[in-house]
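Please treat every number below as a calculation from the coordinates, not as lab data. Owing to the predicted nature of the structure, the values given are computational and were not obtained by experimental measurement. So basically every Cβ, Gly included, is an ideal-geometry build from the backbone, and we count neighbours across all protein chains shown.
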Amino acid sequence: MTDDSAFPASSVPASWARIDAWLRTHAPADHAMLRPPADPAAVEAAEAEMGLRFPPDLSASLACHDGMDEGRSVLPGRPPAPVDKIVAHWSLCIDINEDLGLFDDDLEEDEEPWWHPSWIPWAVLDGDSQVIDMRPGPDQGRLGNAEHDDRASFDRGWPSLGAYLAEVADVLENGGRVGAFLSPRIDSDGRLRWERAL
């Protein structure tokens with residue numbers, strides 16, 4: 001469990017409000033794919049099953065949208081997952097780790113394992129996930145990527161889910177790139193695409 005006092009007040013609701021407003025205007029079909037808020041009881045049950053307290057940014061995000069209905073994403077990268085999919089993916093990775101013995105005791109310095117029980121897969125697609133690192137320490141709450149066929153990486157992540165969503169909102173409203181290389185574009189069908197900028 002984490003101590004919420006270690007985290008500042010979440011900016012996530014304001015960022016989601018900006019993202020929602022932009023999507024309603026520019027990509028309404030994509031906005032319609034976002035689910036309504038998660039049931040707080042479902043969030044509590046997920047925390048209990050995983051033995052992890054969700055950070056305030058994730059709780060605030062789920063209070064805005066319980067993930068998305070389809071596989072594509074309105075955010076750059078993987079789509080935000082509903083609470084039940086967060087638990088299902090976390091449980092699957094725990095089971096795989098235990099079955100295959102992938103808990104690494106001989107990691108090199110700064111090398112990440114394939115999976116860790118204190119990671120929350122908040123965005124999931126095709127076996128890969130963007131995770132929130134809830135291990136104790138100064139990096140707690142940061143975002144990274146856990147691929148199904150490689151070790152996880154936090155090299156190109158964000159310090160928090162709140163920072164990530166704020167950057168997405170800024171880029172949608174003002175232009176630019178998320179993570180220095182992904183730019184939004186509305187395609188001929190009126191759908192939002194995130195494209196790698198050269």
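The figures follow:
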quantity: From L62, L23, residue being without any contact (Cβ under 8 Å) to a residue 60 or more places away in the chain, crowded, with 19+ Cβ neighbours inside 10 Å and not hydroxyl-bearing (S, T, Y); calculated: L62
quantity: Tally of residues being charged (D, E, K, R) and in contact with a strand residue (DSSP E or B) (Cβ under 7 Å, 6 or more places away or on another chain) across the stretch 129-161; calculated: 4
quantity: Neighbours by Cβ (under 7 Å, 6+ apart or cross-chain): first from the stretch 119-132, farther than 12 Å from V87 by Cα; second among the acidic types (D, E); calculated: D128/E147
quantity: Pairs where the first residue, in the stretch 142-169, is of a type in the set (V, I, T) and the second is outside any loop (DSSP other than H, G, I, E, B) and crowded, with 18+ Cβ neighbours inside 10 Å, C-beta under 8 Å, 6+ apart; calculated: V168/S15; V168/I19; V168/V178
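This table checks each residue for (1) hydrophobic (A, V, I, L, M, F, W, C); (2) under 27 Å from R151 (Cα atoms); (3) part of a loop (DSSP other than H, G, I, E, B).
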{"residue": "A41", "(1), (2), (3)": "yes, no, no"}
{"residue": "R53", "(1), (2), (3)": "no, yes, yes"}
{"residue": "E70", "(1), (2), (3)": "no, yes, yes"}
{"residue": "P76", "(1), (2), (3)": "no, yes, yes"}
{"residue": "V87", "(1), (2), (3)": "yes, yes, no"}
{"residue": "S91", "(1), (2), (3)": "no, yes, no"}
{"residue": "I94", "(1), (2), (3)": "yes, yes, no"}
